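As structure tokens, the structure follows; a few thoughts come after it.
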Amino acid sequence: MLKAKTALVTGSTSGIGLGMARALAGAGANVLLNGFGDGAEIEKLRAGIESEFGVQVAYDNADMTRPDQIEKMITSAEQRFGGIDILVNNAGIQHVAPVDQFPTERWDAIIAINLSSAFHTIRCTLPAMKSRGWGRIVNIASVHGLVASVEKAAYVAAKHGIVGLTKVVALENARSGITCNAICPGWVLTPLVQKQIDARAAAQGISVEEAKVALLSEKQPSVDFVTPEQIGELLLFLCSDAAQQVRGAAWTIDGGWTAQ
Ligand code: NAD
């Protein structure tokens, strides 16, 4: 379905990004991976996806806090693949603290990675999408792009921001073949969430399993995690022709979190 297309997924060395990169490769797209981690592990992931799905897979270690590195990554991807057709803004970090104790350095990093990096990737990839008359931009927001939780000031601000950015980009390209949408997941069991589970277990003196159930029960009515594979399938739908008129949406996949 996505043969001859090229996809960039930021933050795809782990978690949801990796799940989406695999889904795109499975649908025939060439994929540019990005994110941090052990070099040998990342090379194993890259080569594994390439041979499993028979597509080209490249890796770029651009730091999403650095506009110059983002620009360079996209220029070199355009040289190698002829342009990015599918842009998935996924890289993200979390920090949990009350707003009056929130470290300013963490605030700046979260806004840079979870929000500003999407502005930079979008402004750099749009010209080539426009010249080809087709594109898919999918921003991985969160339920926290729609509702708030305590102690997540920077994350909630960034995610609400990316839902707003999604709408503007969708409107500016509404008469073209380029769509822009956001996916808003609830809890997904990835390293980003595992840290929060471990912190809860330590703080409350409960087991990690008990902390998992407590975390889910608080917010997610299904009391079950969303999986990266399920998000990958939703992404493929948003990339399909059937989704041509899905524009500017903030699409929840949250076990009922925001229905409450
Ligand atoms: P994760 O920690 O497993 O993966 C984050 C990825 O981002 C990694 O590949 C990491 O290397 C990369 N990254 C971090 N800082 C970077 C930087 N400066 N430059 C480039 N790459 C960087 O986390 P995840 O849970 O898979 O989260 C992925 C996205 O999904 C995030 O935007 C997150 O906010 C969002 N999200 C996660 C959940 C959840 O429950 N896990 C829910 C809703 C939304």
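See the values below:
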read-out: Longest site-free stretch - the chain; sites: trypsin sites (Lys or Arg not before Pro), DSSP loop, at most 10 other Cβ within 10 Å; value: 4-174
read-out: Positive-pole candidate from L2, A118, N139, dipole of the chain, charges at beta carbon; value: L2
read-out: Full-extension gain in nm, S76 to E210, via 0.36 nm per residue minus C-alpha separation; value: 43.6 nm
read-out: Cut-off 14 Å between beta-carbons: net charge of the residues surrounding R22, Lys and Arg +1, Asp and Glu -1; value: -2
read-out: Nearest-10 value in Å² for the accessible area of D108, using the 1.4 Å probe; value: 100 Å²
read-out: Environment charge at D85 (Cβ cut-off 13 Å; Lys +1, Arg +1, Asp -1, Glu -1); value: +4
read-out: Surface accessible to a 1.4 Å probe, per residue, for the residues of the chain, Å²; value: 44 Å²
read-out: For the stretch 61-106 versus the stretch 190-208, the gap between their alpha-carbon centres in whole angstrom; value: 26 Å
read-out: Sequence of H95, H144 from largest to smallest accessible area, 1.4 Å probe; value: H95, H144
read-out: In the stretch 1-90, chymotrypsin sites (Phe, Trp or Tyr not before Pro) in a DSSP loop with at most 14 other beta-carbon atoms within 10 Å; value: F36
read-out: Protein accessible area in the stretch 2-114, 1.4 Å probe - carbon and sulfur %; value: 51 percent
read-out: Folded to 0 to 90 degrees: helix 39-53 orientation relative to the chain principal axis, Cα; value: 60 degrees
read-out: Net charge over other residues, Cβ less than 14 angstrom from the Cβ of V31 (K, R count +1; D, E count -1); value: +2
read-out: Most fluctuating residue given options S142, S51, S117, as computed from a GNM of the chain linking Cα atoms under 10 Å; value: S51
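The values are calculated or read from the model by the stated rules, or taken from the named source; none is laboratory data. These figures come from a predicted structure and were not determined experimentally. All Cβ positions, even for glycine, are placed from backbone atoms using ideal geometry, and neighbour counts span all protein chains on display. Accessible surface is based on the protein model in full, side chains and every heavy atom, while ligands, DNA and RNA are left aside. Shrake-Rupley method; radii C 1.70, N 1.55, O 1.52, S 1.80 Å.
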